[in-house]
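Quick notes on the structure that follows.
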Amino acid sequence: AAIELSSMKDTFGQYVSQDILEYVLEHSKKSTVSERYGVVLFSDIRNFTTLMEANTSKETVAKLNEYFAQMASIIERNGGYINKFIGDAILAVFSDINLNEESNLSKQEARRIYSQRALKAAKEMSVVLKKMNKNWSENKEGEFHIGIGLHAGNIIMGNVGSKNRMEFTCLGKTVSEAMDVEDLTKKYGHEIMVSKTIIGDEQNKLVLLTEDTKVFSQPLYYVDTQESV
């Protein structure tokens, strides 16, 4: 039984972080949720459908897996975790995900810490993708171009679903607004955009883009991706 449990953890651990794994194992039969403050990072590959049409299914999946492996490694290395891959998109969260315990950070501390982790991850994603695109271009392969949106706030996390199928997920207004910020990267032509909820610093300077509330409910900023990480 111990060997089977260890094997199951190893397999399941490829799909979720260790903290989530422990939480799911403890609450596997229950629909339980917890609300935590954190930063949501949402990224999406632009014109992915067009890129798919230029390659076989096998080539598309292989390339997407290569991309996901690099991006997931960056996010996890910077203290975030992947909630899910949504087609060619990535939904990641930077927060205290030890849901079996209360967070010991104040909201201000959490905002600063998670903002810096998420910003660093986003910039590294941009830098690494440029290197990947260079290699793909040299091999006469198509390139990936992405948009990344960051937004902070309360996030509902936990097990949701039915009696026969449960899923650990993150949801709520903060998640949907992070997706909205990412979608606006197409409109403004910037790779990384963030809302006013994100705190920048000397290494992660934020440039005001718009304060038009018709575009978004609060001021939006962009991050200069030409800077080195």
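The values are calculated or read from the model by the stated rules, or taken from the named source; none is laboratory data. Bear in mind the structure is a predicted one, so any value in this text is a computation, not a measurement. With ideal geometry, Cβ positions are generated from the backbone for all residues, glycine too; neighbour counts draw on all protein chains shown. Accessible surface is based on the protein model in full, side chains and every heavy atom, while ligands, DNA and RNA are left aside. Shrake-Rupley method; radii C 1.70, N 1.55, O 1.52, S 1.80 Å.
Between Gln203 and Glu141, 0.36 nm times their residue separation minus their Cα-Cα distance comes to what?
Roughly 19.0 nm would be gained on extension.
Let me check something: with ligands and nucleic acids excluded, how do His151, His145 order by accessible area (1.4 Å probe), largest to smallest?
His145, His151
Measuring from label point to label point, each 7 Å out along Cα→Cβ, what is the Asn164 to Ser176 span in nm?
2.8
May I have the count of lysine pairs in region 42-160 with C-alpha atoms under 19 Å apart, counting pairs 8 or more residues apart or located on different chains?
Counting lysine pairs in region 42-160 gives 12.
Could you work out how far apart the two model spin labels at Val127 and Glu66 are, taking each label as a point 7 Å from the Cα in the direction of the beta carbon, and quote it in nm?
2.1
Taking K and R as +1 and D and E as -1, what net charge do the other residues with C-beta under 9 Å from the C-beta of His145 add up to?
-1
Within the accessible area of region 88-213, what % is carbon and sulfur when the probe is 1.4 Å and the other protein chains stay in place?
46
Please state the relative contact order of region 35-104 as a whole percent: Cα pairs under 8 Å, 6+ residues apart?
In percent, rounded to a whole number, it is 47.
How do the peptides 106-114, 208-216, 168-176 rank, highest first, by the average count of neighbouring beta carbon atoms within 10 Å per residue?
Averaged packing, sorted descending, gives the order 168-176, 106-114, 208-216.
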